[in-house]
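Asker: Okay, here's the structure, questions in a sec.
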Amino acid sequence: MEKAAHGSRPAVVILAALFALGLYGCSLLPGSDPEMNVSPAVVQTPDIDVEPADLGAPVHVAYLAPPSGEPMVDELLASPLLRDEAFNTALDDWIDYWQNSANRWFPDFVRRMGAFEQTVDSALAARRLPPSLRYLPLIESGYNPGARSHASAVGMWQFMAGTAREHGMEVGAFIDQRRDPFLSTAAAVNFLAELHEEFDSWFLALAAYNGGPNRTRRILRQNAPLAQPSDSLFWSLRHHWPRETREFVPKLVGAIMVAQQPQRYGYGPIEAEPPFRFDVVTVPDGTTFDVLAEAAGTSEDEIRKLNPEFFRAFTPPGEEVAVRVPAGRGDQFREQYAQVPADRRMTVVEHSVQDGETLSHIAVRYGVSVRDLQAANPDVRPRFLRVGATLTVPVLLARQGR
């Protein structure tokens, strides 16, 4: 893809405009599958000349949970470091990456953003955090609630399991609330606020978000124990962080620039997904998605999309949980679900154990995990399978695995 704009002035001019924008608030566009946390293979200085953006009058976000009447300052985009020459060199690489290398999937990221941006904007506004942090899930997961990294970070905000549990999310055999776009957003915003309160710099806070608070504390303690926290301190110590962490802030700022004005960078108009809308119902016991879908008069894919935290494709056995169904279908669901006998809420097939079979053999045969098989048969002891014993296999999972 060709560069979207040409001229004699470098990208630092756009950063000056972004700096000015940060003093008044963010000018935001609505909207947003390869592996997440991608980065350029080699960071080089590209030959990019970009004219300054025509920002026009400042545009304020219509927050669902509006802040106080004070003017909002986007501290991230107002950072003096955005005028630093070395930072601009790194930023140019990421502008080029989002504009060219990522052009196959970046529009999908921006498109998916539309489904959750009201939730994210509201949560950020309620804590008085920079509005530009709405783009953090874009670079973390492409706004995909089901995203999973090689390091086992999960969800829209890419929480590790331990950090998620520290912030009140359940990560268990049946539910992974890191995948819940609403609970994870609330937890992520609280986590970001805690990090900024501790490190007193958004660049250091973002480094801690990406690389871990303990690593950030250790780097500061070992290399600058008496220095005042600042964005410039993060940049001066950047070589002490892993490459992914030291590139994290220019990666984010580059994504902000391209996502705010995609057409300037060669993308066509990007239509945002509609906001996530649903009714909430209560399900008293384990129920497979096909049963939920039939009661709600919708598809299994829609139930899966609305409830990504139930990653086993059924709700937890023996536990009452809240489930999302399409907007306007709540009453229908309650009426229809009440007519489903308790023993038919989890559609299953039965398997009679043969000589020499183990749970692993049976799981492979039906295309399910051993963990799912054990969950559906909690009284079975894997090392003492009896020939002729009957095992329950969730049929939805078996059908998907074949």
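Asker: What are the trypsin sites (Lys or Arg not before Pro) within segment 360-396 that DSSP puts in a loop, where the Cβ has at most 10 other Cβ atoms within 10 Å?
Answerer: Sparse-neighbourhood loop trypsin sites (Lys or Arg not before Pro): R386.
Asker: To continue, here is another question. Taking neighbour Cβ counts within 10 Å as the exposure measure, how do S101, S360 sort from fewest upward?
Answerer: Ascending number of Cβ neighbours within 10 Å: S360, S101.
Asker: Just grab the label-to-label distance for R128 and R365, each label 7 Å out from Cα along the Cβ direction, in nm (one decimal).
Answerer: Calculated label separation equals 6.3 nm.
Asker: Apply the Karplus curve 6.51 cos²θ - 1.76 cosθ + 1.60, θ = phi - 60°, to the phi angles in segment 281-296 and return the couplings in whole Hz, x for Gly and Pro.
Answerer: Result, ordered by residue: 10, 10, 10, x, 7, x, 9, 6, 5, 5, 5, 4, 5, 5, 5, 8 Hz.
Asker: Taking the Cβ of G211 as the centre, find all other residues whose Cβ is under 15 Å away and add up their charges (Lys, Arg: +1; Asp, Glu: -1).
Answerer: Numbers: positive: R215, R217, R218, R221, R238, R243, R246, K251; negative: E140, E198, E244, E247.
Here the count lands on +4.
Asker: Residues of segment 324-343 with backbone nitrogen within less than 17 Å of a virtual label 7 Å along the Cα-to-Cβ line of D301, please, listed as ranges.
Answerer: So the set is 326.
Asker: Then there's this: Only counting other Cβ atoms within 10 Å, I'd like Y209, Y135, Y337 sorted with the fewest neighbours first.
Answerer: Y337, Y209, Y135
Asker: Can you list the GluC sites (Glu not before Pro) in segment 244-341 that are in a DSSP coil and have 16 or fewer other beta carbons within 10 angstrom?
Answerer: E271, E319, E320
Asker: Moving on. Which residues does the label zone of A86 cover in segment 223-241, counting backbone N under 16 Å from a point 7 Å along Cα→Cβ?
Answerer: Residues 223-224, 230-241 fall inside that zone.
Asker: Taking the radius of gyration and the Kirkwood hydrodynamic radius from Cα positions alone, what is the Rg/Rh ratio for segment 191-327, to two decimal places?
Answerer: Radius of gyration relative to Kirkwood radius: 1.18.
Asker: Follow-up. On a full-extension model of 0.36 nm per residue, what is the gain between T392 and R165, subtracting their alpha-carbon distance, rounded to one decimal in nm?
Answerer: 78.6 nm
Asker: Please order D290, D331, D285 by the number of other Cβ within 10 Å, starting at the fewest.
Answerer: Fewest to most other Cβ atoms nearby, the residues stand as D331, D285, D290.
Values in this text are rule-based calculations from the coordinates and carry no lab data. If you're wondering where the values come from, they're calculated on a predicted model, not measured in any experiment. Cβ: placed from backbone, ideal geometry, glycine included. Neighbour counts: every protein chain shown.
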